[in-house]
Amino acid sequence: MEITDFIKTIDQNNTLPGFTENRFILPESIINYIKKLGADFTLENLGKSVSGKPILKLLWGNGDIKVMLWSQMHGNETTTTRALIRLLHLFDQKPSNYDQLKNKLQLLIIPVVNPDGAIKYSRYNANMVDLNRDAKNLSQPESKILMKCFRDFKPDYCLNLHDQRSIFGVNNDFAGLSFLAPAIDDLRSINENRKKSMQIIAKTAAFLKSQGLNNNIGRYDDTFNAHCFGDFFQMQKTPTILVEAGQMQLDYNRDLSTFHCLKTLFYMLNNIAKQSFHQSEVDSYFHIPTNEKYFLDLRIENVLIKDKIYNIHANYDVKCYEKTLFYFPRITHIDNQNYPTHRVINAEEYSLTDKFSNPINSLKIDEHLAQIRIKSVDYSLY
């Protein structure tokens, strides 16, 4: 199936009822789903997390090109997981559409590397370790499982799937999707496998621009870190690509990001299967602008505080309570600047008020706004 035909089969609301329509996903929901996949899939238990949760892998395809994909090594990064599960669903529901891909590729997929973090909606595992900084030490059971998969499977390509925070921007706009061909040394040398990673990314970025993400594709800083799995696998001469699903304006549920990520995964796999990326210029990879941490979630402008007018900027701290995500605006700036933000509210020189409509005359950096009320109107959600 070509990418144009693939796009016709999907839409932005292509969700799986019960667990992929929201940002928070319980690992057991994913396990229950993938256990029902058809005969084209082989399911294996790789081991257990710190707290004893199962970590599973799926095998699909019988081709000669091996691709290893893993997501949610950071438990609060679910967008690429949602896209990955949707892709597996499409493979399962219309298998004949993907025969060419199945006969060219052999996929090893770990949907959730960090189930303990996923349950808590935390970046870290149960021992508060960032698994993506544990490639050398292998101090955690989840890290050991991932490394063993790599060494046993011996993939030809790796796709390392993540979310990026809403603070990342590019071209003075939001960073909808970002990529990285991880470095192999401190000099950021380009060997043959890293070149392949760059070529695949360059071609994918050009495709996404044609899909409407013109100024919203970013490239991660490629400072070398051998403790990161992407860098470590790249060092082993396996072309490795980091995919980071980003924030698209007010799409805090990341539905649009999931949609574009679904297209990205299929497009990359299709190019790997056909080996059609080799004509891409490495220079095109470096023409993708580096994303930077300068975006903020919210600006409330023209706020009256003790007879003076200010702009209040905030970022959301996302917390999970009883399987529901809550967004708490934490004040980052109180001044008269206009920093790039996803949302702007104009207070029109009125005060913020409490629930009793009393003006709030004291605000501090790092303070959370319990509510955003202006003239008795509540603007709190997003």
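The values are calculated or read from the model by the stated rules, or taken from the named source; none is laboratory data. Because the structure is predicted, anything quoted here is derived from the model rather than measured. No Cβ is skipped: glycine too gets one built from the backbone with ideal geometry, and neighbour counts run over all protein chains shown. Surface accessibility is based on the protein's heavy atoms, side chains included, excluding ligands, DNA and RNA. Shrake-Rupley method; radii C 1.70, N 1.55, O 1.52, S 1.80 Å.
Annotations
- Matching entry among K237, K203, K209, K195 (being without any contact (Cβ under 8 Å) to a residue 24 or more places away in the chain, open to solvent by 50 Å² or more (accessible area, probe 1.4 Å), more than 13 Å from N160 (Cβ to Cβ) and among the basic types (K, R)): K209
- Test for E301: is it open to solvent by 80 Å² or more (accessible area, probe 1.4 Å) and not hydroxyl-bearing (S, T, Y): no
So that you can scan it fast, the table gives a plain yes or no per residue for (1) part of a loop (DSSP other than H, G, I, E, B); (2) open to solvent by 40 Å² or more (accessible area, probe 1.4 Å); (3) closer than 23 Å to N32 by Cα:
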| residue | (1), (2), (3) |
| --- | --- |
| G75 | yes, no, yes |
| R82 | no, no, yes |
| R86 | no, no, yes |
| N97 | no, yes, no |
| Q100 | no, yes, no |
| L107 | no, no, yes |
| D116 | no, no, yes |
| I119 | no, yes, yes |
| K136 | yes, yes, no |
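- Among residues of region 328-357 being of a type in the set (S, T, Y) and either buried (at least 16 other Cβ atoms within 10 Å of the Cβ) or not in a strand (DSSP E or B) (or both), the one that is modelled with the lowest pLDDT is S357.
- Flag for S257 being touching a residue at least 12 places away in the same chain (Cβ under 8 Å), open to solvent by 10 Å² or more (accessible area, probe 1.4 Å) and of a type in the set (G, A, S): no
- Matching residues in region 154-165 - criterion: being open to solvent by less than 20 Å² (accessible area, probe 1.4 Å) and either under 19 Å from G117 (Cβ atoms) or not in a loop (DSSP other than H, G, I, E, B) (or both): Y157, C158, L159, N160, L161, H162, D163, Q164
- Contact map, region 129-143: residues that are at positive phi paired with residues that are open to solvent by 10 Å² or more (accessible area, probe 1.4 Å), Cβ distance under 7 Å, separation 6+ or inter-chain. Pairs shown: L138/K144.
- L59 passes every criterion in (1) modelled with pLDDT under 95; (2) of a type in the set (A, V, I, L, M, F, W, C); (3) touching an Asp or Glu at 6+ places or on another chain (Cβ under 9 Å) apart from (1).
- Region 166-192: number of residues that are open to solvent by 10 Å² or more (accessible area, probe 1.4 Å) and touching a Gly at 6+ places or on another chain (Cβ under 8 Å): 4
- Residues of region 221-237 satisfying the condition of being closer than 27 Å to A206 by Cβ, out of contact with any Asp or Glu (no Cβ under 7 Å at 6 or more places or on another chain) and not in a helix (DSSP H, G or I): D221, D222, T223, C228, K237
- For region 12-35, filtering for residues that are at pLDDT 70 or above and either closer than 14 Å to N253 by Cα or not in a helix (DSSP H, G or I) (or both) leaves 8.
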